[in-house]
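Shown next, in structure tokens, is the structure this report addresses.
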Amino acid sequence: MKKSLRFGTAVAIAAVASMTLASCGFGGGDGDDTASGETTLDLLVPSYSDATQGLWEDVIDGFEEANPDIDVKLEVQSWDNLESVIATKIQGGEAPDIYNGGPFAGFAADELLYPAEEVVSADTFSDFQDSFIANAEVDGTAYALPLIASARALFVNNALLEQAGVAEAPKTWDELLDAATKVSALGGGVAGYGMPLGSEEAQAEAAVWLWGGGGTFGDATEITVDDPANLPGAEQVKKMIDAGATQADPGSTDRSPLMDIFVQGKIGMQVGLPPTVGQIEEGNPDLDYSIVPIPTQDGSPMTVGVMDQLMAFQNDDDKKDAITKFLDYYYTSDVYVPWVQAEGFLPVTKSGAEALSGEEALAPFLDVLPDAQFYPSTNPAWSATDGAFKALFGQLQTKPAQDVLTEIQAQADAG
């Protein structure tokens with residue numbers, strides 16, 4: 001399954017998105033498939049960019065130099081092939097020792113994975129952002145290690161807000177509605193707030209509003225879209241649309257083309273991702289903009305988080321110590337932070353966030369990482385729920401908020 005995290009560097013001028021099939025089997029960083037040490041670890045990872053294989057090879061070279069008795073065999077696959085590859089390997093009794101992927105709850109349920117705390121030191125485990133570790137848990141036990149993160153923030157066109165007489169970026173829904181309405185009133189094809197409720201990523205815009213009002217999509221055991229706590233956010237979406245604070249026809253507008261319009265300077269505010277910085281640098285470097293936390297009902301901090309994980313398969317307990325050594329080495333700040341920077345992601349460790357705190361373009365995203373909330377991706381019904389949001393949430397433009405939430409819940413329950 002393709003992951004939404006697959007984006008290019010946040011501070012470079014363009015996103016890196018090409019996927020490559022780097023190898024067909026495990027091979028060492030130097031291409032030599034013969035074991036060179038007493039213990040061999042198989043590492044299966046997806047390709048995030050054209051640089052992914054080389055970056056992992058650099059990590060492996062440094063690790064093997066420090067641990068000459070351990071040989072790491074690397075296999076890089078495209079995201080398009082990754083899930084079929086891991087399924088085939090598991091069925092054939094050839095699961096990798098370490099795997100970089102997305103969904104992991106099924107592996108944990110089949111008792112294929114080590115608990116995360118068993119394959120990293122206490123110092124490494126405690127360095128992860130608490131909210132990210134919580135998202136890697138099944139029944140209270142973490143079976144995966146956070147690897148890379150994405151978060152969202154509000155991009156603000158400073159010039160448009162100034163023209164509209166808005167003194168500062170909004171922090172609450174009321175302030176956002178007021179500011180967006182004033183910007184839309186400027187006319188000339190300008191919209192106050194870019195609201196993408198189309199099928200591309202409606203679940204993300206839904207999360208911005210429903211979670212921003214104290215709601216939730218549910219957890220590992222229950223999907224709760226029609227929970228009363230979600231109604232304030234859905235009703236605020238309708239209020240924004242009815243007030244003319246958004247672009248025309250938000251129910252059929254997708255995020256990517258709408259962000260292009262923001263980059264062109266025709267939208268006052270829109271929620272974006274770290275790679276949006278690169279889009280602006282490439283498409284309109286003179287744009288006067290700022291990045292601030294997403295406004296919520298009461299102004300409390302919140303962001304929509306997404307992450308990929310590393311996990312260790314219980315293939316051979318004799319390899320457990322070697323796995324721990326590799327993971328501890330990888331997550332040291334001197335190794336992990338450059339890797340994250342090169343791939344253009346946000347770090348999931350506290351030390352990584354501190355190391356990158358001086359990066360102006362990343363700072364607003366790093367600031368909100370501790371408050372990240374996540375989709376209930378460990379729930380088997382999440383896939384159907386995700387599809388229901390994409391198909392139905394845009395109907396808020398024309399239907400009562402409660403009716404839309406009820407329909408999404410029904411489709412999620414039907415599977």
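In the range 306-415, counting only helices (runs of 4 or more DSSP H) that sit wholly within it, the ones holding 1 or more residues that are in contact (Cβ under 8 Å) with a residue 24 or more places away in the chain and under 30 Å from Gly212 (Cα atoms) span 333-343, 350-355, 363-368, 382-392, 401-414.
Taking the conditions (1) within 22 Å of Val271 (Cα to Cα); (2) out of contact with any strand residue (DSSP E or B) (no Cβ under 9 Å at 6 or more places or on another chain) in turn, Pro338 satisfies each one other than (1).
With a requirement of 1 or more residues that are modelled with pLDDT under 95 and of a type in the set (A, V, I, L, M, F, W, C), the helices (runs of 4 or more DSSP H) lying completely within the range 55-141 that satisfy it span 79-91, 105-109, 130-134.
One line per residue, one yes/no per condition, for (1) at pLDDT below 95; (2) under 23 Å from Phe374 (Cα atoms); (3) touching a Cys at 6+ places or on another chain (Cβ under 7 Å):
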residue	(1), (2), (3)
Leu273	yes, yes, no
Gly283	no, no, no
Pro295	no, yes, no
Val335	no, no, no
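Please specify each residue of the range 142-172 satisfying the condition of being assigned to a helix (DSSP H, G or I) and crowded, with 18+ Cβ neighbours inside 10 Å. Write out each step before concluding.
Filtering the range 142-172 down to residues assigned to a helix (DSSP H, G or I) leaves 158-163.
Listed by number, the residues that qualify are Leu160, Leu161.
Filtered by the rule that a residue be surrounded by fewer than 17 Cβ atoms within 10 Å (Cβ to Cβ), of a type outside the set (Gly, Ala, Ser) and part of a loop (DSSP other than H, G, I, E, B), the range 228-265 gives Asp249, Asp254, Gln264.
Restricting attention to the range 60-106, report how many residues are within 17 Å of Ser383 (Cβ to Cβ) and either acidic (Asp, Glu) or free of Cβ contacts under 8 Å to residues at least 24 places away in the same chain (or both). The number of residues fulfilling the criteria is 4.
Quick one: is Pro285 surrounded by fewer than 18 Cβ atoms within 10 Å (Cβ to Cβ), more than 21 Å from Pro170 (Cα to Cα) and not small (Gly, Ala, Ser)? Lay out the reasoning, then the answer.
Details: surrounded by fewer than 18 Cβ atoms within 10 Å (Cβ to Cβ): yes; more than 21 Å from Pro170 (Cα to Cα): yes; not small (Gly, Ala, Ser): yes.
Considered against the rule, which asks whether it is surrounded by fewer than 18 Cβ atoms within 10 Å (Cβ to Cβ), more than 21 Å from Pro170 (Cα to Cα) and not small (Gly, Ala, Ser), Pro285 comes out as yes.
Conditions (1) over 26 Å from Arg152 (Cα atoms); (2) assigned by TED's automatic domain parsing to the domain that holds Gly93; (3) crowded, with 17+ Cβ neighbours inside 10 Å, marked per residue:
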residue	(1), (2), (3)
Pro293	no, no, yes
Ser300	no, no, no
Ala312	yes, yes, yes
Asp316	yes, yes, no
Lys319	yes, yes, yes
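Of all residues in the range 173-222, how many are in contact (Cβ under 8 Å) with a residue 24 or more places away in the chain and in a helix (DSSP H, G or I)? Residues flagged as in contact (Cβ under 8 Å) with a residue 24 or more places away in the chain and in a helix (DSSP H, G or I) within the range 173-222 amount to 20. Just one residue in the set Gly244, Gly278, Gly272, Gly233 is on the phi > 0 side of the Ramachandran plot and in contact (Cβ under 8 Å) with a residue 24 or more places away in the chain; that residue is Gly244.
Every condition in (1) in contact (Cβ under 8 Å) with a residue 60 or more places away in the chain; (2) outside the structural domain of Phe389 (by TED's automatic domain parsing); (3) at positive phi is met by Gly140 except one, and the failing one is (1).
The values are calculated or read from the model by the stated rules, or taken from the named source; none is laboratory data. None of these values were measured; they are calculated from a predicted model. With ideal geometry, Cβ positions are generated from the backbone for all residues, glycine too; neighbour counts draw on all protein chains shown.
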